[in-house]
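Since every read-out is calculated from the coordinates, none of them should be taken as a lab result. This structure is a prediction, so every number in the text was calculated from the model and none was measured.
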Amino acid sequence: MLTAFAAAVHLIRERKTLSRIRVLEILVLWSLVVGFGVAGVVGFLGHTLAADAIAASIGWPAGNPFQQEVAVANLAVASLGLLAYWFRDSFWLAAVVAGSIFYFGAGIGHVYEVVARGNLAPNNAGMVLVYDLGLPLALILMYAGLAVLRRREGGLPSGEGGEAAESAA
């Protein structure tokens, strides 16, 4: 919801000058910043500060060392997502790839738990599963669409090579 809200506000602010490329840029931007960045910080904090409660909500035993590993992985993805506000293009591609590997991996793990162990805990088989598979798929499709549109227009993306974006948003 926060991703959609942030993107909608940004799109409304630029409504008079929007192109298809700019719409996709804004959607990718806020999907990275909120979907990977803010959500990753929340995941890091949850797996760190409320590890036992989060483990229980996933259907895992308390005190499992996976919690700290997942927390740090969430923080890494969060860093990429938040930095995507200032760094664009090639950096976005790296963030989409790395974040998607993490989220798809987590989603596949959730599916395995459902199928192999019948684990229907809310944070294993609920919206977390949909998020873990849906967000990276959406980001990959949006980024690919953005790349195709940019190639068709014959222009190289600004900030190629991961330089700081000239205008943050």
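Counting 0.36 nm for each residue step from V115 to S57 and taking away their Cα separation leaves a gain of 19.1 nm.
Kirkwood hydrodynamic radius computed over the chain comes to 16.8 Å, based on all pairs of distinct alpha carbons. Between the Cα long axis of helix 20-30 and the first principal axis of the chain there is an angle of about 30°, rounded to the nearest 10. For the range 82-154 versus the range 1-60, the inter-centroid distance based on Cα atoms is 11 Å.
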